[in-house]
Each structure stands twice: as structure tokens, then as C-alpha cells.
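The values are calculated or read from the model by the stated rules, or taken from the named source; none is laboratory data. This is a predicted model, so every value here is computed, not measured. Backbone-built Cβ (ideal geometry, glycine too); neighbour counts: all protein chains shown. All accessible areas refer to the heavy atoms of the entire protein, side chains included, with ligands and DNA or RNA removed. Shrake-Rupley method; radii C 1.70, N 1.55, O 1.52, S 1.80 Å.
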Amino acid sequence: MVWDIEQPDGPILEIDLPKIDGKRVNSTNIWWTYLNEHIFVSMDNGVMRLYSPETGNMVKEIVGHEKKVNRVQFNREKTLALTSSADFTSKLYDAVNWTHLYTYKTDRPVNDAVISETKDHILLGGGQEAMSVTTTSGKVGKFETRFFHLVYQEEFGTVKGHFGPINALAINPNGRNYASGAEDGYVRLHFFDKSYLDMKDPVPEADDEEGAEESKEDKAPAAPKPHHEYDESIMDA
């Protein structure tokens, strides 16, 4: 439903969501898109739709996921959209023309994901359903916040701390800290340490150019970059 606050008697528009085998799908997220051009609706069957706010007609359908879309987040300018799904993936879309850009794959349901405003990084949160975890160990339940490079789609770090699935993430626009909320009953505020704030992301093109200048005798296979696992000890209080 679309409401006009100056006409409180009732909605000015009702959008009829689709039915599958006679059962209506449920909406999981609703957003106004870039320049308020469309109403974006994600659903529990993995489908996302754009509707006209004037007529209620469907403008575009995006089959983005195989399972429920848990959360959708936009960057500040609403030019990028990041989806989180129970199918163990998060996907980045151009939120102007709705083309798929990148996919971030995990081994657990993704309940929320956010885009950093200061770095080309994506933060993902989720974990196994609490009822399916036989121990309170965060490591077993996979309740860490996971860090991915936005463009290269590579995971490069994790932050531990929760003992239940992470359901919500929010990063400070200044890029210095983020908050996570989980089913363990806590909201945790994490402050990034200096090493993270000062880190420079690798540029493959630059690495290739440097390698081309080296002699064949001096060339050697590059060692894989370490996967960093962070805990509370690296967070500034």
C-alpha cells in the first residue's frame, strides 16, 4: 500500500503481490528507488520487483536468488543495492538500471549485508539457524561478520563476537566503526583499528605491471594473502 500523509483516510494505491500455487508470496523489504522512480519490493521466493508508484503496475522483475531475500541495503546515493539471501549469497546490483554486478558466496545463510562508504568493502552477517546449532560456539555456528572486497569478491577477514546468527548490520558513514545485532540478545559496536583504516586494497593491474618488469629468473609464485580473523582484541575501545 502507498499512503499520502495528507490523506490519512486510506491508501492511495494498493499493489497486489503474486501468487504461487494459490499462495501469495510475502514481501521482505520495500524501498523507494533512485530518485523515487519506482517502489522496490523483495519477496520470500527470491524474486524482486519494481512497481510504478503511480499505477501500481510491475515495471521489472528480477529473479535474484534461489531462496528468501532476507535484507536489501543501498549505498547513500541509492546507486547500488546489496541483497542478502538464505541461499548463502549476497548480490550487488546497479540500482539505476538493475543489472547484476557481483556475487559474494558464503557457506551460511546471509541475513544482512552493508556497503562501506569509505572503502570498496562489503560486510556480511548471518549464520546457521539457532535451532540447528547444538552448541553456543560462535565458530561452529558461523556467526562472524565477514569482510569481502566489493570488486574482487574475495573474503579477506572476519570479526567474531556473537553467539547467535547476526540479523542486522549498520556501518557508520565515516567508515570508522560498525554495529551488529544478533539473536544472542546483544548489539555490538565495533571500532576498526588503525591497521584496517590504513590498509590499502591490492590493485591486480598494478601488480601485473610490476611483475612484467621483473626478469624471469627473479620471478617466483606469489604467496597467497593471509586471511585475517579479527576478534575484540583488535578493536579500539
Filter the range 68-119 for residues that are farther than 23 Å from ASN177 by Cβ, in contact with an Asp or Glu (Cβ under 6 Å, 6 or more places away or on another chain) and basic (Lys, Arg) and give the result. LYS68
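Please verify whether the range 66-83 includes one or more residues that are more than 21 Å from GLU117 (Cβ to Cβ) and small (Gly, Ala, Ser). Steps first, please.
Our first condition is that a residue be more than 21 Å from GLU117 (Cβ to Cβ); within the range 66-83, this holds for 66-70.
Adding the requirement that they be small (Gly, Ala, Ser) leaves none.
Looking for residues that are more than 21 Å from GLU117 (Cβ to Cβ) and small (Gly, Ala, Ser), one finds none in the range 66-83, hence no.
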When both residues are 6+ apart or on different chains and their Cβ atoms are under 7 Å apart, which pairs have a first residue that lies in the range 28-47 and is among the charged types (D, E, K, R), and a second that is open to solvent by less than 20 Å² (accessible area, probe 1.4 Å)? ASP44/VAL25
Odd one out for GLY181 among (1) at pLDDT 95 or above; (2) small (Gly, Ala, Ser); (3) assigned to a loop (DSSP other than H, G, I, E, B): (3)
Return only the number of the condition from (1) open to solvent by 90 Å² or more (accessible area, probe 1.4 Å); (2) part of a strand (DSSP E or B) that ASP9 does not satisfy. (2)
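I want to confirm something. Restricting to the range 15-30 and keeping residues that are in contact with a strand residue (DSSP E or B) (Cβ under 8 Å, 6 or more places away or on another chain) and open to solvent by 80 Å² or more (accessible area, probe 1.4 Å), which single residue is farthest from GLU66 (Cα to Cα)? Give the steps one after another, and end with the answer.
Of the range 15-30, the ones in contact with a strand residue (DSSP E or B) (Cβ under 8 Å, 6 or more places away or on another chain) are 15, 17-18, 25-30.
With the extra rule that they be open to solvent by 80 Å² or more (accessible area, probe 1.4 Å), the set shrinks to 26, 30.
On the way: ASN26: 15, ILE30: 19 Å.
Among those residues, the one meeting the criterion is ILE30.
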State the number of residues belonging to the range 130-150 that are modelled with pLDDT of 95 or more and of a type in the set (A, V, I, L, M). 1
Answer yes or no: is there a residue in the range 190-213 that is surrounded by fewer than 18 Cβ atoms within 10 Å (Cβ to Cβ), more than 22 Å from LEU80 (Cβ to Cβ), of a type in the set (S, T, N, Q) and modelled with pLDDT of 90 or more. yes
